[in-house]
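Working notes, structure below.
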Protein chains: 4
Amino acid sequence: MGNSFGKLFSITTFGESHGAAIGVIIDGCPAGLEIDETFIQSELDRRKPGQSKITTQRKEDDKFKILSGVFEGKSTGAPIAIEIENTDQRSKDYSHIAESFRPSHADYTYEVKYGVRDYRGGGRSSARETAARVAAGAIAKLFLIRSGITINAFVSQVGEIKAPHYTSLDLNKTEDNIVRCPDVATAEKMIALIDEVRLQRDTIGGIVTGVIKNSLVGLGEPVFDKLHAALGHAMLGINAVKGFEYGSGFEGTRLRGSQHNDEFYNDGERIRTRTNHSGGIQGGISNGEDIYFNVAFKPVATIMQDQQSVDKEGKEVTVSGKGRHDPCVVPRAVPIVEAMAALVMADFLLMAKASKI
Amino acid sequence: MGNSFGKLFSITTFGESHGAAIGVIIDGCPAGLEIDETFIQSELDRRKPGQSKITTQRKEDDKFKILSGVFEGKSTGAPIAIEIENTDQRSKDYSHIAESFRPSHADYTYEVKYGVRDYRGGGRSSARETAARVAAGAIAKLFLIRSGITINAFVSQVGEIKAPHYTSLDLNKTEDNIVRCPDVATAEKMIALIDEVRLQRDTIGGIVTGVIKNSLVGLGEPVFDKLHAALGHAMLGINAVKGFEYGSGFEGTRLRGSQHNDEFYNDGERIRTRTNHSGGIQGGISNGEDIYFNVAFKPVATIMQDQQSVDKEGKEVTVSGKGRHDPCVVPRAVPIVEAMAALVMADFLLMAKASKI
Amino acid sequence: MGNSFGKLFSITTFGESHGAAIGVIIDGCPAGLEIDETFIQSELDRRKPGQSKITTQRKEDDKFKILSGVFEGKSTGAPIAIEIENTDQRSKDYSHIAESFRPSHADYTYEVKYGVRDYRGGGRSSARETAARVAAGAIAKLFLIRSGITINAFVSQVGEIKAPHYTSLDLNKTEDNIVRCPDVATAEKMIALIDEVRLQRDTIGGIVTGVIKNSLVGLGEPVFDKLHAALGHAMLGINAVKGFEYGSGFEGTRLRGSQHNDEFYNDGERIRTRTNHSGGIQGGISNGEDIYFNVAFKPVATIMQDQQSVDKEGKEVTVSGKGRHDPCVVPRAVPIVEAMAALVMADFLLMAKASKI
Amino acid sequence: MGNSFGKLFSITTFGESHGAAIGVIIDGCPAGLEIDETFIQSELDRRKPGQSKITTQRKEDDKFKILSGVFEGKSTGAPIAIEIENTDQRSKDYSHIAESFRPSHADYTYEVKYGVRDYRGGGRSSARETAARVAAGAIAKLFLIRSGITINAFVSQVGEIKAPHYTSLDLNKTEDNIVRCPDVATAEKMIALIDEVRLQRDTIGGIVTGVIKNSLVGLGEPVFDKLHAALGHAMLGINAVKGFEYGSGFEGTRLRGSQHNDEFYNDGERIRTRTNHSGGIQGGISNGEDIYFNVAFKPVATIMQDQQSVDKEGKEVTVSGKGRHDPCVVPRAVPIVEAMAALVMADFLLMAKASKI
């Protein structure tokens, strides 16, 4: 019921913020893939809390353990189960969450939907769940790189501060700064803004841009499972995401067809388009150009301020912000966006094997 | 392989633009639902071509026929098959499409993916396929209205011309004009712009806004199948869509958490939020407030102008626009957006029956 | 909700016995497959009623029409919709079914499950539904034959009369007689028995044996979707089926391991087994030997005799047999068993493409 | 790819015989269910090795740990992950399996399908995997018992030794003896036979009968997902199973319709059938009578004898039996059959909520 993603390269995740462990089963990873555990850990490290002054100071190690599906360093075709223990389970005072509904959190909706709720640290609705996606996404990346497909995301906007278009950036520089924006000047402004917001005990939203290079032509299924529809589904399933656009996106609505259409040409080796408003996808199927997209993240709901709310009995209460939280979620969202994109691409790469005789 | 949508209230569509027929099987419509055929036809009529001067002048009647699953006016629980014959199958000259790839169409990607292509009128990638969705969506609406859930979409932007926020509009007026914008003044400007673009033999994009009212609390599945992720998947699967946002959307990224959070209060009858940046969805689950979202449509790729392209042999060619096409797709997209939203909501309404003991 | 079968080579069927039409959408047939319509019709003709004195005398032509997914004789990768009109829809007196529950039919369970029931000719529970499977299965066969895989079924038992083991039979002779048993002597006894039962206004059960030759090694998914589990699922979904066994089957339970194990040897070209108690499947995966299985069909529930039953109000009533029905279902079940086996094999053949890098 | 089972009450399993752990994620268990851990352990104990002289002497404790989805003793609606550590992972000599293919095992087919194979103890194809099913099935049982549905299985045949029909047995006595046959006299013969076979360093097959009582009317989906088709799929997915039949089964093929049909009557409270050849299922849907079925298990492939085979290079080799294995699998299969039946019933119980308005 919503905890699985993907059809052939398929994952199922589990775990709450303060339970024994979180984890994922990957079912459908082709056999024979070398599983580089160092790479998986490095991806998890990019997501983990406590990386810098602009992320939460909470410390989680996010050490993973592969329980199955890998033998002598290679995938066997059997399901790969990965577990990440929750080390930070100390008993805290959660009475403010247990009885009350934090504004713009999932407390109220879970309570009504399920009638019972693991309120500790947000339970299943905690962003901690995304660590499982990052571990699975790392394996998807290992699979994709064999076909040359690379996936990079970066922070392209924080509040009003925007980075230049990705085509003018060197995406190898994303990890050079703590906000994960490859443009140094913009990054500095973003960091300053996040720091300012943090001191105001507030939070701020932003945008992560994803870029998929070297896609084969022909990935994506027509009609309901267009490549961008699956990407959108994947991204909108990440906590705090409010929007998704690809290629020309919302801006493209303002253009005329004569401006927006991407003319084809032959570069001598293959068929290309001169412009790429299509974002590498035409008719829901990849055309070999860069696939690029934006993912909008709202400001984190947990703020270090008092807010009005109601409790389970419907009585009005004041909810106070507690704990160590991110003032801005986008720097840590970068590897999550990449992971979800990798899972989508791996799934379609497998599906494409069945498209013609 | 991408032609089905939904888990419990599930549809599978078929059909090409110039084949014998298009249609849909709805599997999972609960038994006992009164199937109002007049309503289904009225929904199809909203989508059909040739409605006004700002839509294509192509004439299609889109008369449907129910082949199964309905007995004495009620659904029986068996799959409901609906067929719409393609009456306009006259033999045309498609050589310009058969051998060449129209810019920003699906010609090239289909050719590579499948190695064979029904090029007549775009084949499976034709927007004609959406008629099947509208028919199925009409039945989903009949199911939803029993729970009080209503779904309305309207044109909120054409090019640069924007309508006011939906909360200030009377959505009952959407059908009062040919562009389907409930604000008369805006509608007139939109119509004028589309007409101007049409005379320039060009096309233009726009935005459709959807509003779902009276949703029960508790619809949507956590993690990957959040309610807005399913809505996004549904919308991004519609031809020509480039983006999806809900609630505060992309604009929300610029706000602070203290501005964006929706405080809860008790209105005496039930728990409400004072603002609705959440767009009626928290943690991926409906909270009972209005669910609203924007869907971005690019300008139609078929323009009545010459464009550079390549043919199947990779030789550069000039492609000329032919036929009768929409200068702007959004007015006819309104019922499609509603249909897809209805399918998502019907599916989650059924799934919610299984969420607790 | 139960009207779809298959994961990659996937079908969804629709239609009631006395509705406008029955049919099927095949989603996932790879593009480029030559669709031999003559072959599809010949398969449908093997299933249709009125073929001989031992089948129902009801006449149905079962002429099919392809509505989509085929262009210039080849599959395009788009869903293939096939429709078979119900020509024999004349208004009959169904009051005996409408108000009462026929013993061992689906009348009672449908009534309780759905609260509404298309009682005409059994509605959705009519075996007429299997024509859609046969049409889809014919296309699956066209796909399989490209890999050399052949599928043959035959009647191996009627009542107590049993045919010899398949390995001693020439399966090309199955269509030589009306009972579809390739052993002439046995066939004559079977025909005589069915005729005798028919004159007694009674019915009788039997067994259909299926044989799949030239399977590639490696088809089938471990754990829940073992090849024989999918075959069993497919066969048990056919009307009137009561049991499924493969390889040594139920008899195999009486053997010792030392008798039952199939020793491997190398025949110079490939690895083979000396015996084949495994029925061509080990660990749920094909090993290249013949896959063979038995499908048990109960005697048809409709008999030309009076039976005690109850009506919708729970009052006891006498139900009388009416209409033209098969005294024994197995001869016409042969192409259905083949069709379902073909659908399973086609699905696993596509899935196997994703099993290793 | 075959490691998930169920649509709404859905499980995904992982784990190899000699990896770090095996386990399962249950996605779709309704919230609010009391999770009785003592009961889960007792079910696992029924399956574990080393229970008696007629099962393998291998010792595994099969202690489980719930990692997620349960809070304060109740299911929360989040996925329930259960892990069972593999404690018996000592490094053994597996060279006889690593290089050679054991007859009637999955060694050869896995090798061809995946190109890589975790040969230790059979890897993923080990029956150890069924412990995860039993844990999940225990939770399904806890869910079903709330609706009064009970599931009992027992050993009804070992070799040629058969127990009387279930209707003459007291199923509460199944656990009274080590072979799990509720008829004492038959049990003694079965035990003697298994012991004899064991001393011969051989193995023997048998049959497990399952009985589901107090099913609601209306469970099962028509056409492809008939209740018995899902049960058959579930049972045939258990290691070593060769056949499945329900109700009258294969024997029923010998009857006339007039003998086989189950006449309806009204017992004053509800509609019943006088006989139950239907096995509680009509048209694929439960009718409220007992659902009963037989599951055929072949003799265990591992025998303590030398057998001819080939190695990975295709050279002929002698494979010798090693280790501690079951001479007959059926006593330990009883809880597995029950678990799979419970998973099927739980899934259909949830699905039935969506069948009518």
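Just so it is clear, none of the values below were taken in a lab; they were calculated from the coordinates. Bear in mind that the values here come from a model prediction, so they are computed numbers and not experimental data. Neighbour counts are summed over all protein chains in view; Cβ atoms, including those assigned to glycine, are modelled from backbone coordinates with ideal geometry.
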remark   = Within segment D:227-276, residues in contact with a Pro (Cβ under 7 Å, 6 or more places away or on another chain) and touching a residue at least 12 places away in the same chain (Cβ under 8 Å) come out as D:Leu255, D:His260, D:Asn261, D:Asp262, D:Glu263
key: Residue that is farthest from A:Pro103 (Cα to Cα), among those in segment B:244-297 that are among the basic types (Lys, Arg) and at the interface with chain A (Cβ under 7 Å from one of its Cβ atoms)   = B:Arg254
request  = Scan segment B:328-340 for residues that are over 8 Å from the mean Cα position of the chain (by Cα) and in a helix (DSSP H, G or I) and jot them down.
outcome  = B:Val330, B:Pro331, B:Arg332
request  = Starting from segment C:130-153, keep only residues that are farther than 12 Å from C:Leu343 by Cα, then list their pairs with residues that are of a type in the set (Asp, Glu) and assigned to a loop (DSSP other than H, G, I, E, B) whose Cβ atoms are within a distance under 9 Å, requiring at least 6 positions of separation or different chains.
outcome  = C:Ala131/C:Glu60; C:Ala131/C:Asp62
query = Out of all the residues in segment D:341-357, which are in a helix (DSSP H, G or I) and within 8 Å of chain C (Cβ to nearest Cβ)?
reply = D:Met351, D:Ala352, D:Ala354
note = Here the residues within segment B:203-217 that are buried (at least 24 other Cβ atoms within 10 Å of the Cβ) and under 14 Å from B:Glu289 (Cα atoms) are B:Gly210, B:Ile212, B:Ser215
request  = With the checklist (1) outside any helix (DSSP H, G or I); (2) surrounded by fewer than 19 Cβ atoms within 10 Å (Cβ to Cβ) in hand, flag the one item D:Val179 doesn't pass.
outcome  = (2)
inquiry  = On the basis of being away from chain A (no Cβ under 12 Å) and acidic (Asp, Glu), does D:Glu83 make the cut?
reply    = no
Among (1) within 30 Å of D:Ala136 (Cβ to Cβ); (2) more than 7 Å from chain C (Cβ to nearest Cβ), the one test that D:Ser320 misses = (1)
Per-region count, segment D:290-324, residues surrounded by 21 or more Cβ atoms within 10 Å (Cβ to Cβ), closer than 20 Å to D:Ile212 by Cα and either of a type outside the set (A, V, I, L, M, F, W, C) or more than 23 Å from the chain's Cα centre (by Cα) (or both) = 2
ask   = Which condition does A:Ser52 not pass, out of (1) surrounded by fewer than 17 Cβ atoms within 10 Å (Cβ to Cβ); (2) touching a strand residue (DSSP E or B) at 6+ places or on another chain (Cβ under 8 Å); (3) assigned to a loop (DSSP other than H, G, I, E, B), if it passes all the others?
value = (2)
query = For A:Ala234, are the conditions met, namely being within 7 Å of chain B (Cβ to nearest Cβ) and either in a loop (DSSP other than H, G, I, E, B) or surrounded by 24 or more Cβ atoms within 10 Å (Cβ to Cβ) (or both)?
reply = no
ask   = Taking segment D:99-131, which residues are closer than 16 Å to C:Gly220 by Cβ, more than 7 Å from chain C (Cβ to nearest Cβ) and over 23 Å from the mean Cα position of the chain (by Cα)?
value = D:Glu111, D:Arg117
task = Report whether or not B:Thr186 is in contact (Cβ under 8 Å) with a residue 60 or more places away in the chain and either within 12 Å of chain A (Cβ to nearest Cβ) or closer than 29 Å to A:Leu255 by Cα (or both).
result = no
query = Of the residues that make up segment B:150-162, is at least one under 30 Å from C:Gly69 (Cβ atoms) and among the acidic types (Asp, Glu)?
reply = no
request  = Give the number of residues within segment B:213-231 that are in contact with a Leu (Cβ under 7 Å, 6 or more places away or on another chain), more than 7 Å from chain A (Cβ to nearest Cβ) and assigned to a helix (DSSP H, G or I).
outcome  = 1
message = When you check A:Thr253 against the structure, is it outside any strand (DSSP E or B), surrounded by 24 or more Cβ atoms within 10 Å (Cβ to Cβ) and over 15 Å from the mean Cα position of the chain (by Cα), yes or no?
response = yes
task = Would you tally the residues in segment A:189-207 being more than 22 Å from B:Asn261 (Cβ to Cβ) and either of a type outside the set (A, V, I, L, M) or without any contact (Cβ under 8 Å) to a residue 24 or more places away in the chain (or both)?
result = 2
request  = Select the strands (runs of 3 or more DSSP E) contained entirely in segment C:61-173, then report the ones holding at least 2 residues which are buried (at least 20 other Cβ atoms within 10 Å of the Cβ), touching a helix residue (DSSP H, G or I) at 6+ places or on another chain (Cβ under 9 Å) and among the aliphatic types (A, V, I, L, M).
outcome  = C:80-85, C:150-158
message = Between D:Gln282, D:Gln200, which is buried (at least 24 other Cβ atoms within 10 Å of the Cβ) and either within 24 Å of the chain's Cα centre (by Cα) or not hydroxyl-bearing (Ser, Thr, Tyr) (or both)?
response = D:Gln282
request  = Output the residues belonging to segment A:276-295 that are under 12 Å from B:Val241 (Cα atoms) and among the aromatic types (Phe, Trp, Tyr).
outcome  = none
Some residue of segment A:10-24 being closer than 30 Å to D:Lys113 by Cα, within 14 Å of chain B (Cβ to nearest Cβ) and aliphatic (A, V, I, L, M) = yes
Answer residue from segment C:9-28, given it is crowded, with 24+ Cβ neighbours inside 10 Å and touching a helix residue (DSSP H, G or I) at 6+ places or on another chain (Cβ under 6 Å) and is nearest to A:Met351 (Cα to Cα) among those = C:Phe9
ask   = From the set of residues in segment A:203-212 that are facing chain B (nearest Cβ under 9 Å) and of a type outside the set (Ser, Thr, Tyr), which is nearest to the chain's Cα centre (by Cα)?
value = A:Ile207
